[in-house]
Amino acid sequence: VFDSGIGGLTVVRALRRRLPGEDIVYFGDTARFPYGTKSAETLVELALEDAEFLLARGVRLVVVACHSASSVALEELRRRLSVPVVGVIEPGARAVVAATQKHRVAVIGTSATIRAGAYERAIRKVESAKAKGQTGGRRELTIVAKATPLFVPLAEEGWVDGAVPELVAREYLRPLVDEGVDALLLGCTHFPLLAGVMGRVLGSGVKLVDSSEETAGEVERRLGKARRTKCEGQTGGRLRVYVSDIAPSFESLAARFLGESPTEVMRASVGE
Ligand code: DGL
């Protein structure tokens, strides 16, 4: 699993719940964080370096936990890598289409994610596949996409409750309520941490959709038979966390995203 930082540990958390016997190697590019402000061209380069780092550690499937990287680099990764690549976009799209009753959904993410438009394309694809199997008139799905970058530093600061995040959430999200959406896809690793305050601002009529569970399900399906045959050296449930910088705040932050303290944490450089 790789990510721009440690937010992707939310995906690891879901993976460990669903596949407790799997060994996981995680790479968080904390030294080059954030990804959400970078150009698509740079993101593709970074994603390839991150994936190469994991491949060198003998992984048999790569999960791109970062929504910004998934939005722009999946195609290139799939073309270049010799192992299956699972991103967060398609699982998230499936989850939000399943969650809406009114056919009106919203997607929030970093500027890079929203600019790429990958979520809209994936949601439209899921919706048209679903419509093919149905008879009768098809209702057009409305998608409202919005960049909400300030949620990232708020989550990193642990500022997930109180007046400031509430004000930010109101500014960003109230227009979505006015648009009448009933499902909101959290298109960034950091956003589930702010789900409480977002839920209060949006009200109970809007479902919050976190793609990490659906992504873990996709990994389980993709591993399929391979899951039952152990890799050489596989120990069962071991988590190794590599990061390109270990900041003083690392431990508390990692525990917040992972739900436990990672025991094996190492610093590693990539792309040199
Ligand atoms: N992992 C990133 C994402 O999901 C978090 C934010 C960032 O790196 O800018 O887009």
At a Förster radius of 25 Å, what calculated FRET efficiency corresponds to the Cβ-Cβ distance of GLU41 and ARG222, to the nearest 0.05?
-> 0.35
Which angle from 0 to 90°, rounded to the nearest 10, does the C-alpha axis of helix 9-18 make with the longest principal axis of the chain?
-> 80 degrees
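Take the Cβ-Cβ distance between ALA31 and ARG139 as r, set R0 to 51 Å, and report the resulting FRET efficiency rounded to the nearest 0.05.
Approximately 0.65, to the nearest 0.05.
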Amide H neighbours of VAL144 at under 5 Å, excluding residues fewer than 5 places away on the same chain, with H built from the backbone geometry, are VAL105, ALA106, VAL107
Mean 1/r over distinct Cα pairs of region 1-52, inverted to a Kirkwood Rh in Å, yields 11.8 Å
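Apply 1/(1 + (r/R0)^6) to the Cβ-Cβ distance of ALA163 and ALA255, taking R0 = 35 Å, and write down the FRET efficiency to the nearest 0.05.
Efficiency at R0 = 35 Å is approximately 0.90.
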If you look for lysine pairs in the chain that are eight or more places apart or on different chains, how many of them have Cα atoms under 24 Å apart?
-> 10
Counting only DSSP loop positions in region 70-108, the trypsin sites (Lys or Arg not before Pro) whose Cβ has at most 16 other Cβ atoms within 10 Å are LYS102
In debye, nearest 20: dipole of the chain around its Cα centre with unit charges on the Cβ of K, R (+) and D, E (-)?
-> 1220 debye
Of the accessible area of the chain, with the probe set at 1.4 angstrom, what percent is carbon plus sulfur?
-> 49 percent
Across 10 Å bins from 0, what is the distribution of all Cα-Cα pair distances for region 61-195, in whole percents?
-> 12, 39, 33, 14, 2
Pairs of alpha carbons in the chain whose separation is greater than 22 Å (percent) = 55 percent
With labels modelled as points extended 7 Å from the Cα through the Cβ direction, what inter-label distance (nm, one decimal) is found for ARG17 paired with ARG79?
-> 3.6 nm
Phi to ³J(HN,Hα) by Karplus 6.51 cos²θ - 1.76 cosθ + 1.60 over region 91-108, Hz, x for Gly, Pro | x, x, 4, 4, 5, 6, 5, 5, 7, 7, 9, 8, 6, 9, 10, 10, 10, 10
Per DSSP H run of at least 4 residues, take -39500 (n - 2.57); add these up for the chain, divide by its residues and hand me the 222 nm value, nearest 500 deg cm²/dmol.
-> -14000 deg cm²/dmol
Share of alpha-carbon pairs per 10 Å distance bin for region 35-110, given as whole % = 18, 45, 26, 10, 1
Using alpha-carbon coordinates, inclination of helix 163-178 to the longest axis of the chain, degrees = 50 degrees
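What does the charge count around ALA73 come to, taking other residues whose C-beta lies under 12 Å from its C-beta (Lys +1, Arg +1, Asp -1, Glu -1)?
Spelling it out: positives minus negatives among the neighbours equals -2.
The values are calculated or read from the model by the stated rules, or taken from the named source; none is laboratory data. Note that the coordinates shown come from a computational prediction; the quantities given were computed from them, not determined experimentally. Please note: Cβ atoms are built from the backbone with ideal geometry, for glycine as well, and neighbour counts cover all protein chains shown. We work out accessible area using only protein heavy atoms, side chains counted, and drop any ligands, DNA or RNA first. Shrake-Rupley method; radii C 1.70, N 1.55, O 1.52, S 1.80 Å.
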